[in-house]
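Some notes on the structure that comes next.
The values are calculated or read from the model by the stated rules, or taken from the named source; none is laboratory data. Please read all numbers here as calculations on a predicted model, not as lab measurements. Glycine also receives a Cβ, built like all others from the backbone with ideal geometry; neighbour counts cover every protein chain displayed. The protein model used for the area step is the full one, side chains on, heavy atoms only, and it has no ligands, DNA or RNA in it. Shrake-Rupley method; radii C 1.70, N 1.55, O 1.52, S 1.80 Å.
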Amino acid sequence: DKMNPQPLGMGERSKTSKIFARFSPVRFISEDHSQIRSNSSSSSIDMPETIDEKFRDFEYSNVARKMQKSMKLKNRELDNQIYTDTFLAQDLNAWLMEKKLCENRQEANYVGKQMMELGHIYRVSDANSTEFLCTLEPYKFR
């Protein structure tokens with residue numbers, strides 16, 4: 001009715017929402033989060049694995065040894081003290097992604113944190129910390 005138009009969203013859907021509804025599959029996640037069902041052409045697919053699952057069998061000690069041998073380690077100064085054979089978090093991340101062990105920085109940061117928790121690397125300013133920080137603070141291998 002031209003004399004009494006309804007506000008958008010009231011009554012009949014707009015063309016945009018009709019198009020969006022037609023091309024947006026609805027996903028249903030099972031209670032155990034093992035599969036997704038969709039109203040699209042495929043009836044079920046596996047859920048993407050979590051980062052914990054992806055790196056469950058990761059060989060941290062072997063990777064740490066390989067990193068120590070092949071990464072370019074530098075002497076760095078922090079608080080008027082020189083630290084030898086150090087690297088930065090961004091160096092570790094770049095190495096992991098270059099070697100195709102991690103797909104992105106989130107995964108590389110996860111691996112860095114795990115390496116700290118397992119005692120393979122440490123931050124020179126706080127050797128007891130397990131917080132992997134992407135700052136200019138140097139790290140060392142143990």
**Answer residue from the stretch 42-75, given it is in a strand (DSSP E or B) and at pLDDT below 95 and is nearest to the chain's Cα centre (by Cα) among those** = ASP46
**Message:** Considering only the stretch 78-99, I want to know if a residue exists there that is of a type outside the set (Ser, Thr, Tyr), open to solvent by 70 Å² or more (accessible area, probe 1.4 Å), more than 23 Å from ASN128 (Cα to Cα) and out of contact with any strand residue (DSSP E or B) (no Cβ under 8 Å at 6 or more places or on another chain).
**Reply:** yes
**Asked** Quick one: is GLU103 modelled with pLDDT of 95 or more and either assigned to a strand (DSSP E or B) or out of contact with any helix residue (DSSP H, G or I) (no Cβ under 7 Å at 6 or more places or on another chain) (or both)?
**Response** yes
**Item:** Filtered residue count, the stretch 106-142, keeping only those that are in contact (Cβ under 8 Å) with a residue 24 or more places away in the chain and open to solvent by 10 Å² or more (accessible area, probe 1.4 Å)
**Value:** 17
